[in-house]
Amino acid sequence: MRQRAIAPVVSVLLLVSLTGCGGDDSNPFGDPRSPSSSTDLAVGEVYTWQDGVMASVDGLEERTERGEHDSYPEGHTAFTAEVVFDNESEQALSLSDFVFDAVSAADGAEALVIHVEGVTDTLQGSLEPGASEKVTLSWSLDTGERGREVTVVGVRASSDDTTAHPQWTGTLP
């Protein structure tokens with residue numbers, strides 16, 4: 001009986017020593033972001049499609065300034081997210097194959113796609129193999145009614161992996 005109780009502890013200690021967990025591996029550039037095939041992600045985590053294309057949703061940020069042409073309903077909170085693409089596939093990647101939507105994590109209510117002057121980018125152009133691109137996308141949501149936790153859903157039209165719709169969830173600061 002005692003052997004069975006010790007075996008899990010020994011297994012964990014062996015795993016920690018083999019993977020290097022627990023040591024001081026301080027990295028001056030921050031922790032490396034490892035890709036994931038899970039579609040339920042936290043903001044900042046990286047999703048990898050089967051062909052090696054990677055995306056992450058980073059930096060949810062509330063936008064308080066309004067430009068002359070910025071338009072969204074009163075009572076809505078404007079916010080942005082940075083989407084980072086890394087093309088580790090062997091083919092050029094068309095950014096127009098992607099659609100990102102934001103919804104309230106509390107009740108699934110869709111956020112409105114908006115344009116914040118001088119901030120919002122468009123998903124267009126191509127990304128060569130080995131290249132990276134960062135775009136800023138913008139939405140608005142009634143955070144008083146829907147809460148400040150949002151989920152950003154990414155859909156890729158041209159992927160063989162058509163069932164993979166990664167979702168990044170985070171809270172607006």
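The values are calculated or read from the model by the stated rules, or taken from the named source; none is laboratory data. Model, not experiment: these values are computed from the prediction. Neighbour counts are summed over all protein chains in view; Cβ atoms, including those assigned to glycine, are modelled from backbone coordinates with ideal geometry. When the accessible area is computed, the model is the full protein with side chains, heavy atoms only, and any ligands, DNA or RNA have been set aside. Shrake-Rupley method; radii C 1.70, N 1.55, O 1.52, S 1.80 Å.
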**Report entry** For region 52-104: accessible area per residue (Å², 1.4 Å)
**Finding:** 45 Å²
Report summary line: Reported to the nearest 10 Å², VAL103 has, with a 1.4 Å probe, an accessible area equal to 30 Å²
Query raised in the report: Separation between the GLU82 and GLN124 pseudo-spin-labels, each 7 Å from Cα along Cα→Cβ, expressed in nm?
Result: 2.4 nm
Query raised in the report: Given R₀ = 41 Å, FRET efficiency for VAL155-GLU68 by Cβ-Cβ distance, to 0.05?
Result: 0.80
Query raised in the report: Just how much of ARG66 is accessible, in Å², when a 1.4 Å probe is used and the result is rounded to the nearest 10?
Result: 110 Å²
Query raised in the report: What is the distance in Å between the Cα centres of region 116-173 and region 42-81?
Result: 6 Å
Requested in this report: Give the carbon-plus-sulfur fraction of the accessible surface of region 79-173 in %, rounded to a whole number; probe 1.4 Å, heavy atoms of protein chains only.
Outcome: 44 percent
